[in-house]
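What follows is a short report on a single structure.
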Amino acid sequence: MKPAEFHYRIPWRAAGSRPGSHRGRYSGSGQLFRHLAPLAAHPDPRRLDLRASFTDPFETWRVRLYEQRSAIPVYAVVDLSGSMAFPGANPKMAVLADFIEGLAASVYRSGDTLGIVAAADRVRQEFYLPPSRQPGAAFRWAERLRRFRPQGIGCHGLGRAGRFLPGSRGLLFLLSDFHFPLTLVREIMAGLVRHDVVPVVLWDENEALPQARGLARLADLEGGGDRLLLLRPALRERLAANLRQRRERLIALFRQCGREPLILPEGFDADRITRYFLRSP
């Protein structure tokens, strides 16, 4: 089945010299007028502007320069910690794989490159995918991910993912459920600061609160073991309030870092991702 593509865009000008689909910093073979320049500085008589040349008080031949649209590097940093093994209504490994396939198809259509880094307590080098313009490599990566079952404890490896990425600024998708301390979230965002980071939050409504009432055994997928709780109405209400408060703080943290989070509560949704970028400035 063909992956569902989505449209993404950036609010900054690309610095790459390779032609692409994003607004760039340099002049070239584009269609968006940039400015007039002397013919001596840009010797291309095909772009002569006769009206501007004849009306120039210094009698200088003028040529029209256009903005070249450029390609950008796109990166995906993927959380493979234990909490990402939650099955739920939409298993997170399947959601991640669907997202990567859709991203690879979208990047290929835009003429960009895609690189992937995966981490849990450490960077998983066996899942490292160097930047490439060929979507087939990312499709094979996604198939491996569908068969993978996360077991790592902790997410500190995400903070070191930036060391495995090229230095050129790119659009970076940080995919995680962010079930770890907010101080670590801030450290991870700081480690990726040279890129335009889009936090992709993978939440499942079934992991918010247990559906059972009375005695229930809760499992901590990050290595905390099981715990038996008596789910009284007051306790459920307190857990729900704590969950809402944490989510509000997490969203506020991302906004402080300069990006609204992209929340996917019901699995991969290409239309929802496109709408996210259309709303972005």
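The values are calculated or read from the model by the stated rules, or taken from the named source; none is laboratory data. These numbers come from a predicted model, not from an experiment. FYI the Cβ positions are ideal-geometry reconstructions off the backbone, even for glycines, and counts take in every protein chain you see.
Of all the residues in segment 127-142, those that are surrounded by fewer than 18 Cβ atoms within 10 Å (Cβ to Cβ) and of a type in the set (G, A, S) number 3.
For segment 202-209, check the following and say yes or no: at least one residue is modelled with pLDDT of 90 or more, under 17 Å from the mean Cα position of the chain (by Cα), in a strand (DSSP E or B) and not aromatic (F, W, Y). Don't jump to the end; show me each part of the working.
Looking only at segment 202-209, we keep the residues that are modelled with pLDDT of 90 or more, and these are 202.
Pick out the ones that are also under 17 Å from the mean Cα position of the chain (by Cα) and you get 202.
Of the ones still in play, those that are also in a strand (DSSP E or B) are 202.
Subsequent filtering for residues that are not aromatic (F, W, Y) retains 202.
Among the residues of segment 202-209, at least one is modelled with pLDDT of 90 or more, under 17 Å from the mean Cα position of the chain (by Cα), in a strand (DSSP E or B) and not aromatic (F, W, Y), which makes the answer yes.
I'm checking my understanding of the structure. Among residues of segment 1-23 that are more than 18 Å from the chain's Cα centre (by Cα) and not polar (S, T, N, Q), which one is nearest to E101 (Cα to Cα)? Top of the filtered list is K2.
Can you name the strands (runs of 3 or more DSSP E) wholly within segment 62-125 that have at least 1 residues being over 13 Å from the mean Cα position of the chain (by Cα)? Break it down stepwise before answering.
Working: elements: 62-67, 73-79, 113-119.
Here the list reads 62-67, 113-119.
The set of residues from segment 126-137 being of a type outside the set (S, T, Y) and either in a loop (DSSP other than H, G, I, E, B) or not assigned by TED's automatic domain parsing to the domain that holds G191 (or both) comprises R133, Q134. Residue under question is D79, and the condition is that it be acidic (D, E) and farther than 25 Å from G16 by Cα; does it hold? It is true that D79 is acidic (D, E) and farther than 25 Å from G16 by Cα. Residues that are farther than 24 Å from G267 by Cβ, in contact with a strand residue (DSSP E or B) (Cβ under 8 Å, 6 or more places away or on another chain), in a strand (DSSP E or B) and free of Cβ contacts under 8 Å to residues at least 40 places away in the same chain: does segment 44-59 have at least one? Yes.
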